[in-house]
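J.: Below is a structure I'd like to ask you about.
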There are 2 protein chains.
Amino acid sequence: MKVLITGGAGFVGSRLAEQLLRQGQLLGRPLAQLVLTDQVAPPDALLADRRVQARVGPLLSQVDALVHEPFDVVFHLASAVSGECEADFELGLRSNLDSTRALLDALRTRQQQGADVTRLVFSSSIAVFGPDPAYPFPAVVGDDTLPMPQTSYGTQKLICEHLVADYTRKGFIDGRCARLVTVTVRPGRPNGAASSFFSSIVREPLAGETAVLPVDLSVRHPVATVSSMVQGLIAVAQASREALVGRSALTLPGLNVSVAEMLDALEAVAGPQVRARVLQQRDERIAGIVANWPQAVRSTRAEALGLQPAQDFSEIIRDYIDDCRLRNPQALKGLNP
Amino acid sequence: MKVLITGGAGFVGSRLAEQLLRQGQLLGRPLAQLVLTDQVAPPDALLADRRVQARVGPLLSQVDALVHEPFDVVFHLASAVSGECEADFELGLRSNLDSTRALLDALRTRQQQGADVTRLVFSSSIAVFGPDPAYPFPAVVGDDTLPMPQTSYGTQKLICEHLVADYTRKGFIDGRCARLVTVTVRPGRPNGAASSFFSSIVREPLAGETAVLPVDLSVRHPVATVSSMVQGLIAVAQASREALVGRSALTLPGLNVSVAEMLDALEAVAGPQVRARVLQQRDERIAGIVANWPQAVRSTRAEALGLQPAQDFSEIIRDYIDDCRLRNPQALKGLNP
């Protein structure tokens, strides 16, 4: 079993690589080789595994060679993020649309030259959904909600979903699209993303720092741990076509939670003095962006594959704490022992 | 007012050109120049008008020059048809996806260089809708039906709709997408399209020839005259953004009609001896394809622009007869005077 992860040095990509190496197999076959492509090198811990090969550089410059290289499964995670795509339209088109098209065409050319069909998992996003003045945004976004993206990122993800579906229908690839929800708690530092606070309001207090909450306590949003998203990507890769019931895309389960519930869970897990490090300070720009996001998801198709959201936000916080104890205990210095 | 029609020598494109020349204005401004691009030259009658300029050749080779040429309105009708796209995947990608992307990027580059925003009307299709094993196909396809194309043609049309919406949201163009329904009665000869019989069963009997009906009388489908589709494209071009209520795409109205009703109307308009020239001879391949098509549309958004379907199928037949009297009386030689 030879697997490719594009974006394999990123947060989700490197965690997916770790999990695949740990389980040592996919689709019941031993993992012999794991190729990670990305703009940067993957973490040393991954490189230390003799099954791992890293290829650093833009995906677009690497895909043509894939015509001549067999992979059993490709996880296509490489992507410019939402804020980048809004700021630099051509970057988004190139990184998200042209790169995916080139990847699909390389896999198609292989199939047309007689190679086995490659299984491809495309990481899409709930950014394909957006409110639209002509259409009421449903309280819960389901598998049958009309995608109406309101960002270039969401548009490009949706277009790629439809390309994957059509290349699959034609038999060029065996493609599947998993829509990721907002991953929390992301380690590291706050970034420019409007969703950054969903991690900050847990991560910074646990590290003994203050965090700013830029939205109201009543804001609701679906969130998930990175490990559950990794589990979802693997489950989608392993699903039979019958289990996908004739459609390629599905939304991975998220826990539908309010900010108030997130902070209550933080207090329950870490105590009131940790929660007290979150300062409410409304930011109209961020509040406005977040108001356009889905408030909740229902992932019927993913649940049919056995996937479930976290039970509650305490579970998500404990998952992050366990992860920090393993990787970076410094990140917990605000937590009483 | 300078207007471009891509696919301007085709059936719908040349009728649109005729209508624009006849009305002499668009958006209240006199039509000074009408450029028609297509793979073939437009009809002589169009070329005779001094406002018309024809450019023959692939659209993809012509679009780069559009960066330097101002158009007030572009009707983008050029497209490979459904059967071609299924038979030749790369042709579909090139003709329907790459050409549209290149056109949009030329108009974007103009805007980014300081030119006025170009208004663009993209002719999409109800082929964006398709049944899907995971989702019941609604009896009536409305503006809020989840598009799930089951052909490469429909996929490419849907992708272009989302590109148009995003380029519009970013302010690069002022784009709109009109989904055309099946046009009937098309003049000329039967072609390889599965929808060909929707025209044949009226056109051939009126010409004194027999026609084969390959599906059951109970089959239902939305149809419209070419003149109503032309009227729809012009109305969409002239609509304010406010009238489009924040969304780019809409389905043009079609008359939801059964084959039985079509034949009853043929008898009512032309007599039983004309209807008797239609021979029922089920073709499983065609019946199977047609079973995957929308049975009816509801065009709430188009109706809000004042557009209406034909009242009944007799109106559609009479429209065709009037058109033949003007252009090709020979096509009516099976009709008693």
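J.: Hey, among A:Ser240, A:Ser200, which residue is surrounded by 22 or more Cβ atoms within 10 Å (Cβ to Cβ) and out of contact with any helix residue (DSSP H, G or I) (no Cβ under 7 Å at 6 or more places or on another chain)?
T.: A:Ser200
J.: Which condition does A:Val245 not pass, out of (1) on the phi > 0 side of the Ramachandran plot; (2) in the same structural domain as A:Ile126 (by TED's automatic domain parsing); (3) under 17 Å from the mean Cα position of the chain (by Cα), if it passes all the others?
T.: (3)
J.: In region B:73-85, which residues are outside any strand (DSSP E or B) and not small (Gly, Ala, Ser)?
T.: B:Leu77, B:Val81, B:Glu84, B:Cys85
J.: Let me ask another. Does A:Pro190 fit the bill of being touching a His at 6+ places or on another chain (Cβ under 8 Å) and free of Cβ contacts under 8 Å to residues at least 60 places away in the same chain?
T.: No.
J.: For region B:140-158, which positions are facing chain A (nearest Cβ under 7 Å), under 25 Å from A:Thr300 (Cα atoms) and crowded, with 24+ Cβ neighbours inside 10 Å?
T.: B:Thr155, B:Leu158
J.: Could you identify the single residue in B:Phe122, B:Phe137 that is more than 9 Å from chain A (Cβ to nearest Cβ), touching a residue at least 24 places away in the same chain (Cβ under 8 Å) and either surrounded by fewer than 20 Cβ atoms within 10 Å (Cβ to Cβ) or of a type in the set (Lys, Arg) (or both)?
T.: One residue alone meets the criteria, B:Phe137.
J.: Give the residue that is nearest to the chain's Cα centre (by Cα), with candidates limited to residues of region B:125-134 that are farther than 22 Å from B:Ala235 by Cβ and more than 8 Å from chain A (Cβ to nearest Cβ).
T.: In this case the residue turns out to be B:Gly130.
J.: Let me ask something else about it. Could you tell me which residue of region B:150-175 is farthest from the chain's Cα centre (by Cα), considering only residues that are of a type in the set (Gly, Ala, Ser) and at negative phi?
T.: Out of the qualifying residues, it is B:Ala165.
J.: OK, next. Identify all residues within region A:193-216 that are of a type in the set (S, T, N, Q) and either in contact (Cβ under 8 Å) with a residue 24 or more places away in the chain or over 20 Å from A:Gly334 (Cα atoms) (or both); write none if there are none.
T.: Correct list: A:Ser195, A:Thr210.
J.: For region B:303-322, which positions are within 29 Å of B:Asp216 (Cβ to Cβ) and in a helix (DSSP H, G or I)?
T.: B:Phe313, B:Ser314, B:Glu315, B:Ile316, B:Ile317, B:Arg318, B:Asp319, B:Tyr320, B:Ile321
J.: If A:Thr168 satisfies every condition in (1) closer than 25 Å to A:Ala78 by Cβ; (2) in contact with a helix residue (DSSP H, G or I) (Cβ under 7 Å, 6 or more places away or on another chain); (3) touching a residue at least 12 places away in the same chain (Cβ under 8 Å) but one, which is the exception?
T.: The single condition A:Thr168 does not satisfy is (2).
J.: For region B:289-337, which positions are within 16 Å of B:Asn256 (Cβ to Cβ) and in contact with a helix residue (DSSP H, G or I) (Cβ under 7 Å, 6 or more places away or on another chain)?
T.: The answer is B:Val290, B:Pro294, B:Val297, B:Ala302, B:Leu307, B:Ala310, B:Asp312, B:Phe313, B:Ser314.
J.: Within region A:313-336, how many residues turn out to be farther than 16 Å from A:Leu252 by Cα and touching a strand residue (DSSP E or B) at 6+ places or on another chain (Cβ under 7 Å)?
T.: 1
J.: Now for a different question. Which of the numbered conditions does A:Glu90 fail, given that it passes all the others? Conditions: (1) under 27 Å from A:Asn191 (Cβ atoms); (2) under 21 Å from the mean Cα position of the chain (by Cα).
T.: Condition (2) is where A:Glu90 drops out.
J.: Residues that are under 27 Å from B:Glu84 (Cα atoms) and not charged (D, E, K, R): list the helices (runs of 4 or more DSSP H) wholly contained in region B:178-297 that include at least 2 such residues.
T.: Result: B:197-206, B:226-238, B:284-290.
J.: Hey, can you tell me all the residues within region B:215-248 that are among the small types (Gly, Ala, Ser) and at pLDDT 95 or above?
T.: B:Ser218, B:Ala224, B:Ser227, B:Ser228, B:Gly232, B:Ala235, B:Ala237, B:Ala239, B:Ser240 - these are the residues of region B:215-248 that are among the small types (Gly, Ala, Ser) and at pLDDT 95 or above.
J.: Just the residues that are more than 12 Å from A:Ala9 (Cα to Cα) and surrounded by fewer than 17 Cβ atoms within 10 Å (Cβ to Cβ), please, taken from region A:31-51.
T.: Those that are more than 12 Å from A:Ala9 (Cα to Cα) and surrounded by fewer than 17 Cβ atoms within 10 Å (Cβ to Cβ): A:Ala32, A:Gln33, A:Ala48, A:Asp49, A:Arg50.
J.: Then there is this: Does region B:94-145 hold any residues that are in a helix (DSSP H, G or I), farther than 27 Å from B:Asp72 by Cβ and touching a helix residue (DSSP H, G or I) at 6+ places or on another chain (Cβ under 7 Å), and which are they?
T.: Matches in region B:94-145: B:Arg94, B:Ala127, B:Val128.
J.: Pick from region B:39-72 the residues that are assigned to a loop (DSSP other than H, G, I, E, B) and touching a helix residue (DSSP H, G or I) at 6+ places or on another chain (Cβ under 6 Å): which of them is nearest to B:Thr109 (Cα to Cα)?
T.: That would be B:Pro42.
J.: Follow-up question, since we're still on this one. Applying the selection to region B:159-175, what residues are acidic (Asp, Glu) and more than 7 Å from every other protein chain (Cβ to nearest Cβ)?
T.: Within region B:159-175, B:Glu161, B:Asp174 qualify.
J.: Which condition from (1) under 18 Å from B:Arg169 (Cβ atoms); (2) under 21 Å from the mean Cα position of the chain (by Cα); (3) modelled with pLDDT under 95 is the one that A:Asp143 breaks?
T.: Unmet condition: (1).
J.: I would also like to ask the following. Would you check which residues across region A:17-36 are in contact with a helix residue (DSSP H, G or I) (Cβ under 6 Å, 6 or more places away or on another chain) and polar (S, T, N, Q) and list them?
T.: Passing the criteria: only A:Gln19.
J.: Could you pull out the residue among B:Gln231, B:Gln295 that is in contact with a strand residue (DSSP E or B) (Cβ under 8 Å, 6 or more places away or on another chain) and either surrounded by fewer than 22 Cβ atoms within 10 Å (Cβ to Cβ) or within 14 Å of chain A (Cβ to nearest Cβ) (or both)?
T.: B:Gln295
J.: If we scan region A:195-202, do we find a residue that is outside the structural domain of A:Ser123 (by TED's automatic domain parsing), of a type in the set (Phe, Trp, Tyr) and in contact with a Lys or Arg (Cβ under 9 Å, 6 or more places away or on another chain)?
T.: yes
J.: Check whether at least one residue in region B:79-89 is assigned by TED's automatic domain parsing to the domain that holds B:Val164, within 22 Å of B:Thr109 (Cβ to Cβ) and without any contact (Cβ under 8 Å) to a residue 12 or more places away in the chain, and report yes or no.
T.: The answer is no, given that none of the residues of region B:79-89 is assigned by TED's automatic domain parsing to the domain that holds B:Val164, within 22 Å of B:Thr109 (Cβ to Cβ) and without any contact (Cβ under 8 Å) to a residue 12 or more places away in the chain.
J.: Just one of A:Ala115, A:Ala178 is more than 14 Å from chain B (Cβ to nearest Cβ), within 14 Å of the chain's Cα centre (by Cα) and of a type in the set (Gly, Ala, Ser); which is it?
T.: A:Ala178
J.: To continue, here is another question. Return yes or no: is A:Ser218 touching a strand residue (DSSP E or B) at 6+ places or on another chain (Cβ under 7 Å), surrounded by 22 or more Cβ atoms within 10 Å (Cβ to Cβ), of a type in the set (Gly, Ala, Ser) and over 30 Å from A:Arg241 (Cα atoms)?
T.: For A:Ser218, the condition - touching a strand residue (DSSP E or B) at 6+ places or on another chain (Cβ under 7 Å), surrounded by 22 or more Cβ atoms within 10 Å (Cβ to Cβ), of a type in the set (Gly, Ala, Ser) and over 30 Å from A:Arg241 (Cα atoms) - is not met.
The values are calculated or read from the model by the stated rules, or taken from the named source; none is laboratory data. None of the values given here were measured: they were computed from a predicted structure. Glycine gets a Cβ as well: all are built from the backbone with ideal geometry, and neighbour counts include every protein chain shown.
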